[in-house]
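Just below is one structure, and these are the notes that go with it.
The values are calculated or read from the model by the stated rules, or taken from the named source; none is laboratory data. In this text the structure is predicted, and so the values were computed from the model without any measurement. A quick note on method: Cβ atoms are made from the backbone with ideal geometry, for glycine too, and the neighbour counts reach across all protein chains shown.
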Amino acid sequence: MEVLYERCCGLDVHKKEIVACLRIESEEEIRRYGCSTPELLEMADWLLESECEMTAMESTSAYWKPVYNMCEACGLDAMVVNARHMKNVPGKKTDVNDAQWIADLLQHGLLQPGFIPPKSQRE
């Protein structure tokens, strides 16, 4: 299957935790972060240092908003995807599996970003 992003990250976002799956070609690294501002900045620094081209997350409740805003503020490209537009990961559902599934779909260009208004309209 064609690879659209050589370096990308799938984020499984929850109220208190984010599971990040960074894909660089066929290799992947899983990290967990909390949702506080310092932890979001730490995650953004890791993604920037890794030269991540794109991040993707599901539009789960409102939990995606601070993550998306931090990505945007740090210069990371990010997309928010409607969970209904993604087929669930086959097999046992875990946060790590979800992050890996999002990263896999993103890497191969199989995600359709949802509309996020410009920052000026969101404020």
Say we look at the range 47-89 and pick out the residues that are touching a strand residue (DSSP E or B) at 6+ places or on another chain (Cβ under 7 Å) and part of a helix (DSSP H, G or I); which of these is farthest from W101 (Cα to Cα)? E72
Examine the range 101-115 for a residue that is of a type outside the set (V, I, T), crowded, with 17+ Cβ neighbours inside 10 Å, in contact with a helix residue (DSSP H, G or I) (Cβ under 6 Å, 6 or more places away or on another chain) and under 21 Å from E2 (Cβ atoms), and state whether such a residue exists. yes
Applying the selection to the range 1-35, what residues are surrounded by fewer than 20 Cβ atoms within 10 Å (Cβ to Cβ), of a type in the set (G, A, S) and in contact (Cβ under 8 Å) with a residue 12 or more places away in the chain? G34
When the range 44-63 is examined, which residues are found to be buried (at least 21 other Cβ atoms within 10 Å of the Cβ) and either under 13 Å from H14 (Cα atoms) or not hydrophobic (A, V, I, L, M, F, W, C) (or both)? T55, M57, E58
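Filter the range 40-64 down to the residues that are at positive phi and either among the charged types (D, E, K, R) or touching a Ser or Thr at 6+ places or on another chain (Cβ under 7 Å) (or both) and list them by number.
The first filter runs over the range 40-64 and keeps only residues at positive phi, leaving 51, 61.
Hit for the range 40-64 is E51, nothing else.
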One residue from S61, S36 being modelled with pLDDT of 95 or more, among the hydroxyl-bearing types (S, T, Y) and over 22 Å from D104 (Cβ atoms): S36
Spot the failing condition for R23; the list is (1) modelled with pLDDT of 95 or more; (2) of a type in the set (D, E, K, R); (3) under 21 Å from F115 (Cβ atoms), and only one is missed. (3)
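For the range 84-107, how many residues meet the condition of being modelled with pLDDT of 85 or more and over 14 Å from the mean Cα position of the chain (by Cα)?
In the first step, residues of the range 84-107 are kept if they are modelled with pLDDT of 85 or more; the result is 94-107.
Now narrow it down to the ones that are over 14 Å from the mean Cα position of the chain (by Cα): 94.
Counting residues in the range 84-107 that are modelled with pLDDT of 85 or more and over 14 Å from the mean Cα position of the chain (by Cα) gives 1.
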More than 29 Å from S120 (Cα to Cα) and without any contact (Cβ under 8 Å) to a residue 40 or more places away in the chain: does that describe K93? yes
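Answer yes or no as to whether P38 is assigned to a loop (DSSP other than H, G, I, E, B) and loosely packed, with under 15 Cβ neighbours inside 10 Å. Before you say what the answer is, go through the steps one by one.
On the way: assigned to a loop (DSSP other than H, G, I, E, B): no; loosely packed, with under 15 Cβ neighbours inside 10 Å: yes.
It is false that P38 is assigned to a loop (DSSP other than H, G, I, E, B) and loosely packed, with under 15 Cβ neighbours inside 10 Å.
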